[in-house]
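*Asks:* Structure incoming, see below.
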Amino acid sequence: MRRLVLTLAVVVVTPAQAASTHPTAKVLDVMRDNGCRLDISRAEESFSARDLRPEDVSAVINSWAEQGLAGLDGPIFEIAPAICGAHGLAPEDAVGRADALYDFVRLNGCRMVEDEAEIKLRPAGFTQAETPDLIARLVEQGRAHQEDPYIIVIGDAC
C-alpha cells in the first residue's frame, strides 16, 4: 500500500511554493473538504489548489499510510475516521459521529482536556452542541468516561 500511496502523491501534485500553513494541515483540509475520500483523478487539482509540493504531500500520505490511517480503495484515496473526524458524516448520524469521536480522541492520546477539545474538535467536524451527547453515548456504551479535568477518557482501547 505504501508504494501505491507514494506513487499517488508524486503523480497527483504539481510543484508549487508551500504557504506558511503546515503541509499536514493542508493535506488534511483537502481530504476533509472531499469527505475524506478523494478520487485520484481529482487529486492533482485539489492538492495544487492548496500550493502543496509533491514531496510534502508524499511525506504526509506516507506517514498516514504507515500508521494504517490512509490508503487506496481502488481509484479512491481515503483517510481513516481517526483523522477525518466527523467530516463526510451526516449531522443526524449520531452512531457514526460517536464512533468518529471515539477514533479521533484515541488518535489524540486517548484523553482531551476541555481547552484542547475546543481547539481540536471543531476543525474535525464536531459541533460544540453535539459533543456532550456523543460523549454521553460513548459513556453509556462503556467505551469512555469523563473525569476532571478531562472531557473524555477512552478505556482499555488505549
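*Asks:* Among VAL60, VAL113, VAL30, determine the one that fluctuates most according to a GNM of the chain built with springs between C-alpha atoms less than 10 Å apart.
*Replies:* Highest fluctuation among the options: VAL113.
*Asks:* Right, here's the next one. Which whole-number percent is the relative contact order of the chain (Cα, under 8 Å, 6+ apart)?
*Replies:* The normalised contact order for the chain reaches 21 percent.
*Asks:* Among GLY125, GLY88, GLY109, whose mean-square fluctuation peaks in a Gaussian network model of the chain (Cα, cutoff 10 Å)?
*Replies:* GLY109
*Asks:* When the helices in the chain are scored as -39500 (n - 2.57) per DSSP H run of 4 or longer and the sum is shared across all residues, what 222 nm value do you end up with, to the nearest 500 deg cm²/dmol?
*Replies:* Helices in the chain give a 222 nm mean residue ellipticity of -14000 deg cm²/dmol.
*Asks:* Which three extents, in angstrom, do the Cα atoms of the chain have along their principal axes, listed largest first?
*Replies:* Extents along the principal axes, in whole Å: 47, 32, 28.
Here, each number is a calculation from the coordinates, and none is a lab measurement. Note that the structure is predicted; figures quoted are calculated from it, not measured.
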